[in-house]
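What follows is a short report on a single structure.
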Amino acid sequence: MATLLGVACCCVAATKVCRTSLSDTKTPADTTTVEKHYKEVRRPTPNLGKGRNEVIGIVLHHTAEPQPVSRSVNKLCDPKSGVSSHVVIDTDGTRYVLAPPTAVCWHAGKSHLNGRDGCNNFTVGIEFQGNTLEEPLTDDQIQSAIEYMLPIIRQYNISLTNIVTHEQIRNAWKKAHPNAHSYGKVDITPTEYERVMMALRKAMAQ
Ligand SMILES: [Zn+2]
């Protein structure tokens with residue numbers, strides 16, 4: 001998760017997409033509904049930037065914090081930490097929602113996406129509880145993230161190419177600013193990112 005005050009980083013959520021009963025053969029396809037499957041807990045964070053998030057992308061993180069998840073949530077809600085994210089997703093899929101998508105959270109730090117710096121201003125940050133360098137995401141974490149992301153992706157028409165990892169946007173920043181001082185960022189692994197994206201593409205095809 002995070003780093004320096006105000007330029008920090010961090011990671012999130014749970015959902016199950018259900019189709020309504022097709023017992024009535026005349027039921028139109030648009031009756032597909034999204035039912036909340038995973039528990040959602042609201043924990044508003046005070047660590048928010050000014051302005052309105054444009055919500056054109058989503059950044060995936062892992063917290064790199066040991067259990068329990070309260071360690072991560074408390075840190076992301078602590079004014080002294082200087083970090084936050086929109087949601088934290090525990091290993092059982094429980095989502096701790098810290099801010100709405102339109103809020104500017106402090107999860108991306110020095111970052112670059114689509115030719116722009118400062119991804120906090122235009123992306124939603126999802127933190128997965130745990131450290132993917134040591135343990136893979138649980139299936140509940142992935143399904144919960146999909147449940148969280150799908151409505152946002154549809155509402156804001158987010159391109160799948162704008163769903164990225166913290167490490168990707170940090171590396172893009174370094175490439176865009178080759179002479180600037182920066183530090184590396186190890187975050188959710190490419191393997192776990194691919195698992196999330198594969199499940200997401202599958203859910204969107206349903
Ligand atoms: Zn991160």
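Things worth noting here:
- Loop-located GluC sites (Glu not before Pro) in segment 73-164 (DSSP state not H, G, I, E or B) with no more than 11 neighbouring Cβ atoms inside 10 Å: Glu134.
- Only aspartates and glutamates eight or more places from Lys50 in sequence, or on another chain, were considered; those with a Cα closer than 18 Å are Asp78, Asp117.
- About the centre of its Cα atoms, segment 142-206 shows a dipole size close to 160 debye [charges on the beta carbon of Lys, Arg (+1) and Asp, Glu (-1) only; nearest 20 debye].
- Principal axis dimensions, largest first and in whole angstrom, of segment 35-205 by Cα: 46, 39, 34
- log10 of Debye I(q)/I(0), alpha-carbon scatterers only, for segment 74-129 at 0.27 Å⁻¹: -1.09
- Cross-link reach list, lysines versus Lys185, counting only Cα pairs under 17 Å and skipping chain neighbours closer than eight places: Lys110, Lys174, Lys175
- Whole-Å semi-axes of segment 116-156's equivalent ellipsoid (Cα gyration tensor): 22, 16, 6
No lab work stands behind these numbers, since they all come straight from the coordinates. Keep in mind the model is a prediction, meaning the values are calculated, not measured. Reconstructed Cβ throughout: ideal geometry from the backbone, glycine too, with neighbour counts over all protein chains shown.
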